[in-house]
1. Evaluate the following for D57: is it free of Cβ contacts under 8 Å to residues at least 40 places away in the same chain and not in a loop (DSSP other than H, G, I, E, B)?
2. Kindly indicate which of Y21, Y6, Y68 is in contact with a Gly (Cβ under 7 Å, 6 or more places away or on another chain) and of a type outside the set (K, R).
3. Can you tell me how many residues in segment 19-47 are touching a residue at least 24 places away in the same chain (Cβ under 8 Å) and not in a helix (DSSP H, G or I)?
4. S50 - would you say it is of a type in the set (S, T, Y), free of Cβ contacts under 8 Å to residues at least 40 places away in the same chain, more than 16 Å from the ligand (Cβ to nearest atom) and closer than 26 Å to M1 by Cα?
5. Looking at (1) small (G, A, S); (2) modelled with pLDDT under 95; (3) within 16 Å of the ligand (Cβ to nearest atom), find the lone condition where G29 falls short.
6. State all residues of segment 25-47 that are surrounded by 14 or more Cβ atoms within 10 Å (Cβ to Cβ) and charged (D, E, K, R); if no residue qualifies, say none.
7. Of the conditions (1) over 17 Å from I10 (Cα atoms); (2) of a type in the set (G, A, S); (3) surrounded by 11 or more Cβ atoms within 10 Å (Cβ to Cβ), A94 fails just one. Which one is it?
Amino acid sequence: MKLSDYQKFIDEVWVSDGKDYNLQLAIAGLGLGGEAGESTEYIKKFLRGSHKELHADDLMDELGDVLYYIGKIGNLIGVTMDEMLDHNVNKLTARYKR
Ligand SMILES: [Mg+2]
């Protein structure tokens, strides 16, 4: 799936229930933090020994949730995920060319 199609899909499954822009942005931002936490929690449990193996599918599940909220925030602020990628590549390229 292309990122542009994914962002359309996100809006199809996002339940806004009439919430205003600021509340939706807050929910997406809090969701992003929560899912990033779930991702790091999985890695922590692996490193601590609670998981004998790191299962990429399980971690991908959480990282995908992170992507979902990133895509939703992008939709709310009018930025595509492709633009985010390009912006990040440009930023990192400039940083590491020093
Ligand atoms: Mg999750």
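1. So D57 fits the description; yes.
2. Y6
3. The number of residues fulfilling the criteria is 0.
4. Spelling it out, it is not the case that S50 is of a type in the set (S, T, Y), free of Cβ contacts under 8 Å to residues at least 40 places away in the same chain, more than 16 Å from the ligand (Cβ to nearest atom) and closer than 26 Å to M1 by Cα.
5. For G29, the exception is condition (2).
6. Once the filter is applied, which keeps residues that are surrounded by 14 or more Cβ atoms within 10 Å (Cβ to Cβ) and charged (D, E, K, R), segment 25-47 yields E35, E38.
7. (3)
The values are calculated or read from the model by the stated rules, or taken from the named source; none is laboratory data. Just so you know, these numbers come straight off a predicted model, no measurement behind them. In this analysis, Cβ positions are derived from the backbone assuming ideal geometry, glycine residues included, and neighbour counts consider all displayed protein chains.
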